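Asks: The structure under discussion is supplied below as structure tokens; questions concerning it will follow.
Bear in mind these aren't lab numbers, they're just calculated from the coordinates by the rules spelled out. What you are looking at is a predicted structure, and each value in this text was computed from that prediction instead of being measured. Every residue, glycine among them, receives a Cβ derived from its backbone with ideal geometry; neighbour counts consider all protein chains shown.
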Amino acid sequence: LAHGSGGKAMRDLIDDIFIQNFDNPTLSQLEDQARFDLASFIKQGDRLAFTTDSYVVDPLFFPGGDIGTLAINGTVNDLAMSGAKPLYLSCSVILEEGLPVETLRRVAQSMQAAAQKAGVQVVTGDTKVVSRGAADKLFINTSGIGIIPTGVNISAHNIQPGDAIIINGELGNHGTAILIARGELALDTDIESDCQPLNNLVETILNVCPEVHAMRDATRGGLATVLNEFAFSSGVGIRLDEQSIPVREEVKGVCELLGLDPLYLANEGKFVVVVGRENADTVVSAMKSHPAGKDACIIGEVIPSPSGVVFLKTAFGAERIVDMLVGEQLPRIC
Amino acid sequence: MFTEEIIRVRGIVQGVGFRPTVYRLAKAYGLQGEVCNDGQGVLIRVSGCEEFIEEFVQNLQKQCPPLARIDEVTRKRYEGKSTFGDFVISDSLSSAVKTEIPADAATCPKCKAEIFDPLNRWYRYPFTNCTHCGPRLSITRAIPYDRDNTSMAAFAMCAECGREYNDVENRRFHAQPVACQICGPKAWLERSDNQPITSYMFSMLDDVDAVCTLLQKGEIVAIKGLGGFHLACDATQESAVQKLRSRKQRNQKPFALMAKDISVIEEYCTPSAKERELLESPAAPVVLIQANAGDDDEERGSGRIQFKIRLEKFATEGNQRQIPTEGNPPAVLAPPGNFSQNSKFKIQNPKSKIQNPKSKIQNQIAPSVAPGQNTLGFMLPYTPLHHLILRRMNRPIVLTSGNLSDEPQCIDNVEARDKLGKIADYFLLHNREIVNRVDDSVVRVVGEKVLTIRRARGYAPTSINLPSGFESVPHILAMGSQLKNTFCLLRDGKAILSQHIGDLETAATFKSYQDTLNLYLNLFEHQPEAIAVDLHPEYFSTKLGKQLAHNQYGHGTAVPLLHIQHHHAHIAACMAENDININSPPVLGIALDGLGYGEDGTLWGGEFLLADYRHFKRLATFKPVPMIGGTQAMREPWRNTYAQLISAFDWEDLKQKYKYLDILEFIEQKPLKLLNQLVQKGINAPLTSSVGRLFDAVAAAIGICREQCSYEGQAAIEMEALADTHLLNKKEYFNYKFKFYWSDNIYYIDSYPMWQALLNDLQQATPQAVIAAKFHTSLAHTIVKMVNNLRQKNDISQVVLTGGVFQNCILLEQVTQGLQTLGINVLTHSLVPANDGGLSLGQAVIAAAQLMSQ
Ligand SMILES: [Fe+3]
Ligand SMILES: [Mg+2]
Ligand SMILES: [Zn+2]
Ligand SMILES: [Zn+2]
């Protein structure tokens, strides 16, 4: 693809790639904006959820996904974490001059596949080509709207001492897969990104337990960051039990070699659910019935104090602070 | 000649029995007048014969009570008219009294005599104390320091104790924790399995005495002491010590020992006069003393006795075990599995001769007490409880902090039963609450000088006088480091350095840090006007300091926050304790340590800084190499060897040249492609100039802690213990060269020629002890050479040696000697640790100097 070739032929080519892939009635109108019937929204709930996120990843393709699947699932999951049913997405693409058309086509295809899997439609979009070096290959922004069902109220402020902390599966797979894919690290593993839509699993949870206190996806900064945000904004402490946190042996091994902590590694299909202890077992067993939650388990509990602190009870019984990092993981031991 | 004087005494003179001493002396000389506490110390007004007043003052200094410290006595003729008819102790001029909380003090000789005297009312009472000894900081909740504000408040004094407490002639006059069998705290024994104790099981006088029998039987007993719980076992029973190690999950770190008296210690060490003095001082610290060589060999406790560290590692590594090369025994070689009591997996130190199993000396210290060390850490009993336990014990016991690994010592009975129940077989508990956790202090003597390694019980919170220029310091709080944390308060020309708190990574330690900080702010009525923190953004102390400064807890207003560079703080701490004036010209500070956050965002740790209290300029450093895998490089010394080697050489060339070197073979087994990626892509491989890591690299290269360290600094400590000290002063052993180069306006020390020589030595099967000695002397020589080099462009007359690496006695002595030969005045640490335990003092004085110059 060439920058500056603002010619109609080029624009048509790019637009075609997306329109073909995202084929749906709204998009096919080819208007400058998507238009929705409010009445159909109102039937599904009483609040609209709206979110946006930009996706940059190196490499564009990695085991278990690519930038396209990330861009769809990331935004779908952000909506789902409020309890909303995600409906429509926008997609805006910035391409670096010289990106092979074939690459773009692959990404568009996987976006469509991901959207289909998540049950959402991409209804509006835009593409820009910038000169070489002004962007790194391909950036994608997606925004999305969804409807929050009446009665669902999910917020970090609802978290209370005694609540159970639940995770839907293994941690660190995405972060490790990216590291391996990026570094051409000489590692022979089958670790794949966990990139997946979570809206369906969230629906399953809300069906058995509408009074979920809080949910958040553990993307950048990993589980540690999410729990620190929870502890800080709800003024509670969180105690994790190291032995119950699911991490694949291979991920543990890579982390030990690289000196990384899986609790801080990015995930793209993992989220934390905080529910009252009395609902925890129901929620876990409902989650286990769903493919995206088959390894769900309780990994910790909310405690009244110390406020704002997350710690990890290790196998030896000692308790280590799991801190919010200011920057990268940097040794602090003298 | 009859005259009247006002005498002012400054120093540690409150709450330590100073006024009764004044009273008794004044009476003895027939003087009239009064003595009272006030905001500046003790104020005495006397009238009497001039000659007697003179002698009175002389004797005041000589008979200064054991826990008091007179910094200054000023005398003034009193011109007014006195109305004294007698000598009295007056009430405090309370308006401005700033009573300092004294440090806990070991049982004094008089109290010790009393507890062993069957006719005395203190006979066998484990909580006996007096004005000259006993608990202080560990039981204090609030100020003023009197009984109601301590955990002794729960015990009402009996009439007899009350009489002693109120009798100015009595040694227990105003001793706040005074108590006896009738009215005071009690100790009792419990089994950790909750079974009843059946006294006929033991030949014992009481529960305290029973502990001795239990220890002799090889049991592990958790003992609630003065500032926390300890775990104890017989130090001469290898099986007991190993049981303790495995239950406590503490693999290698040496255990402290306690012996009932010096004569027991002398069976294992030959303490110098200075070491004895420290052992018997009121602070009663753990003193690291060179272990004796054996009688007919160097078997006993000396040399280097090493056991296999990580058994589980062997299970996974199977056949990767090193092959011993002749003359160069690998440090670690033992089969997996359990140690039987008589296992002999000792590695011979080239210094020590062949082990002779037949020449078993009675009561030998179990090898796993201090693996890889040539020193033993001894202390003497410091409470009546410990004296009574050890009364019948003619061998040393292990007395290590009672905690789960990495956590702070337990201080509470309920918590201890919960956490230590799986480690200890028995508990000796008591019902006097420990309010403040205070660990045992650790010191070492180098030459004639005391080196404080951990400053806690017996020393904290005694204030440190600041050098001149700091008299009117604002109230400053310095938050300290991440590991070995202490914090520091400045006020009134003094620094109050907290006791050793520990490693903040652990939740319980971090909580203890916050609690202790709040306590100190109250006890010392300190309202910080500024807060100093380390530059490292991820230190928990930095983050907490930031919150406090921004007043995120909502009391008062926000105060300035000062970020102090780590090594500058190390240097300033050493300057402050050496009384360097606030406006002194810059010194050359050499700060060698594990690592600290540098101004350029890389990790520093081998720094030559031209520094005063306000500023510093980096003149030289060590060539930075990556820490491959970040923190992991701290745990696995071989990573540093690899980083050093690939920074100096082409790996493929090295492999050609040193094909059969076991260190190369060892590293080749590692996933090097992957690790190279970390270095090339800058993933979790921060650059560091750390000399601590250089020590790790060399240690691993010669086979010490190659795979793994089980505690911080282990590789360097073991390498020091191993170095052949006979070679240290032989010039021909200074021959590992380092190269200096100049780049970006600073000098770099490049280790590559040293590595070349070291690899050649390894190739020729040079013994470990020789290489270790050569490395030490060569490094010292290089440091001195660099100072000489820097002197050409900079005015350098004083050099400060600081940072954890300077706890290495060989390096400290060699560098000091070298610099002194150049006519340079060398300043080193004594009161304050050279490691990060001293950091907060440096942060505080830098902040003060910066604020005061604004
Ligand atoms: Fe340091
Ligand atoms: Mg997002
Ligand atoms: Zn006493
Ligand atoms: Zn009494």
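Asks: Given A:313/B:419; B:112/B:224; B:449/B:793; A:313/B:248; B:449/B:739, which pairs have Cα atoms separated by over 21 Å?
Replies: Numbers: A:313/B:419 13 Å; B:112/B:224 19 Å; B:449/B:793 32 Å; A:313/B:248 16 Å; B:449/B:739 32 Å.
Too far apart for the 21 Å limit: B:449/B:793; B:449/B:739.
Asks: Shifting gears a bit: Taking +1 at the Cβ of each Lys and Arg and -1 at the Cβ of each Asp and Glu, which of B:591, B:854, B:405 sits farthest along the dipole of chain B towards its positive end, judged by Cα position relative to the Cα centre?
Replies: B:405
Asks: Right, here's the next one. Could you point to the residue in B:107, B:175, B:155 farthest towards the positive end of the range B:101-185's charge dipole, with +1 and -1 charges on the Cβ of Lys/Arg and Asp/Glu respectively?
Replies: Among B:107, B:175, B:155, the one farthest towards the positive end of the dipole of the range B:101-185 is B:107.
Asks: Also: Tell me, what is the FRET efficiency for residue A:26 and residue A:295 to the nearest 0.05, using R0 = 30 angstrom and their Cβ-Cβ distance as r?
Replies: So the FRET efficiency works out to roughly 0.25.
Asks: List the residues of the range B:760-778 whose backbone N lies under 11 Å from a point placed 7 Å from the Cα of residue B:817 along the Cα-to-Cβ direction.
Replies: B:777
Asks: Only bridges with both residues in chain B count here: give the DSSP antiparallel percent, nearest 5.
Replies: On the way: 83 of 113 bridges.
That works out to approximately 75 percent antiparallel.
Asks: With labels modelled as points extended 7 Å from the Cα through the Cβ direction, what inter-label distance (nm, one decimal) is found for residue B:143 paired with residue B:195?
Replies: Inter-label distance under the simple model: 5.2 nm.
Asks: By how many degrees, 0 to 90 and rounded to 10, does the Cα axis of helix B:637-648 deviate from the longest principal axis of chain B?
Replies: The answer is roughly 50 degrees.
Asks: With the cut-off at 1.5 for a/c, could you classify the range B:101-185 from its C-alpha gyration tensor as rounded, prolate or oblate?
Replies: Cα axes put the range B:101-185 in the prolate bin.
Asks: Next question. Need one number: % antiparallel among DSSP beta bridges in the protein assembly as shown, to the nearest 5.
Replies: Numbers: 124 of 167 bridges.
Of the beta bridges lying entirely in the protein assembly as shown, close to 75 percent run antiparallel.
Asks: Distance in nm between label sites at residue A:134 and residue B:471, each 7 Å beyond Cα in the beta-carbon direction?
Replies: Taking the simple label geometry, residue A:134 and residue B:471 are separated by 6.8 nm.
Asks: Cut-off under 20 Å on the C-alpha distance; same-chain residues fewer than 8 positions from residue B:670 excluded. Which lysines are left, in chain and number order?
Replies: Candidates past the 8-residue exclusion: A:252, B:313, B:655, B:657, B:659, B:681.
Asks: Between residue B:88 and residue B:73, what is the label-to-label distance in nm when each label sits 7 Å out along the Cα-to-Cβ direction?
Replies: Modelled inter-label distance: 2.5 nm.
Asks: Local charge sum around residue A:216 (other residues, Cβ-Cβ under 15 Å, Lys/Arg +1, Asp/Glu -1)?
Replies: With Lys, Arg at +1 and Asp, Glu at -1, the net is -4.
Asks: Using a 10 Å cut-off around each Cβ, can you sort A:252, B:511 from fewest to most neighbouring Cβ atoms?
Replies: The fewest-first ordering by Cβ neighbours comes to A:252, B:511.
Asks: Turning to a different aspect of this structure: Figure the gain on full extension for residue B:765 and residue B:741 (residue separation times 0.36 nm, minus the Cα-Cα span) and round it to one decimal in nm.
Replies: 5.5 nm
Asks: Same structure again: Can you bin chain A into rounded, prolate or oblate? Criterion: square roots of the alpha carbon gyration tensor eigenvalues sorted a ≥ b ≥ c, rounded for a/c under 1.5, prolate for a/b above b/c, oblate for the rest.
Replies: Verdict is oblate for chain A.
Asks: Once you sort the root eigenvalues of the Cα gyration tensor of the range B:589-827 as a ≥ b ≥ c, which label holds: rounded (a/c under 1.5), prolate (a/b larger than b/c) or oblate (the other case)?
Replies: In terms of gyration-tensor shape, oblate.
Asks: Please give the residues of the range A:80-99, grouped as numeric ranges, whose backbone N is less than 19 Å from a label point set 7 Å along the Cα-to-Cβ vector of residue A:35.
Replies: Residues A:88-90 fall inside that zone.
Asks: Quote to one decimal, in nm, the extra length available between residue A:47 and residue A:281 on full extension: 0.36 nm per residue of separation minus the C-alpha distance between them.
Replies: Working it through step by step, the gained length comes to 81.4 nm.
Asks: How big is the dipole moment of the range A:8-148 about its Cα centre under a simple scheme where the beta carbon of each Lys and Arg is +1, that of each Asp and Glu is -1, and everything else is neutral? Debye, nearest 20, please.
Replies: 240 debye
Asks: On to the next question. Provide the per-residue ³J(HN,Hα) series for the range B:808-824, in order, calculated from phi with Karplus coefficients 6.51, -1.76, 1.60 and θ = phi - 60°, each as a whole number of Hz, with x at glycine and proline positions.
Replies: My calculation for the range B:808-824 gives 6, 5, 4, 4, 4, 5, 5, 5, 4, 4, x, 6, 4, 4, 7, x, 9 Hz in order.
Asks: Next question. Test of understanding: ordering A:103, A:51, B:400 by Cβ neighbours within 10 Å, fewest first, what list do you get? Write down the numbers at each step before the final one.
Replies: Working: A:103 17, A:51 21, B:400 24.
Exposure proxy ranking, most exposed first: A:103, A:51, B:400.
Asks: What does the charge dipole of the protein assembly as shown about its Cα centre add up to, to the nearest 20 debye, if the Cβ of each Lys and Arg holds +1 and the Cβ of each Asp and Glu holds -1?
Replies: That gives the protein assembly as shown a dipole magnitude of about 2160 debye.
Asks: Same structure again: Give me the angle, in degrees from 0 to 90, between the Cα long axis of helix B:672-681 and the longest principal axis of the Cα atoms of chain B, rounded to the nearest 10.
Replies: 70 degrees
Asks: Percent relative contact order of chain A, based on C-alpha pairs within less than 8 angstrom and at least six residues apart?
Replies: This gives 21 percent for chain A.
Asks: Among B:379, B:1, which comes first, second and so on when ranked by fewest other beta-carbon atoms within 10 Å?
Replies: In order of increasing Cβ crowding within 10 Å: B:1, B:379.
Asks: Which angle from 0 to 90°, rounded to the nearest 10, does the C-alpha axis of helix A:101-118 make with the longest principal axis of chain A?
Replies: Once rounded, the angle reads 50 degrees.
Asks: Based solely on its DSSP helices, what 222 nm [θ] is calculated for chain B when runs of n ≥ 4 H residues each add -39,500 (n - 2.57) and the sum is averaged over all residues, nearest 500 deg cm²/dmol?
Replies: Numbers: 25 runs with 256 residues, N = 854.
Mean residue ellipticity, 222 nm, calculated: -9000 deg cm²/dmol.
Asks: I've got another one for you. Out of residues 5 or more away from residue B:227 or on other chains, whose amide H comes under 5 Å of its own, with H placed 1.01 Å from N in the peptide plane?
Replies: B:438
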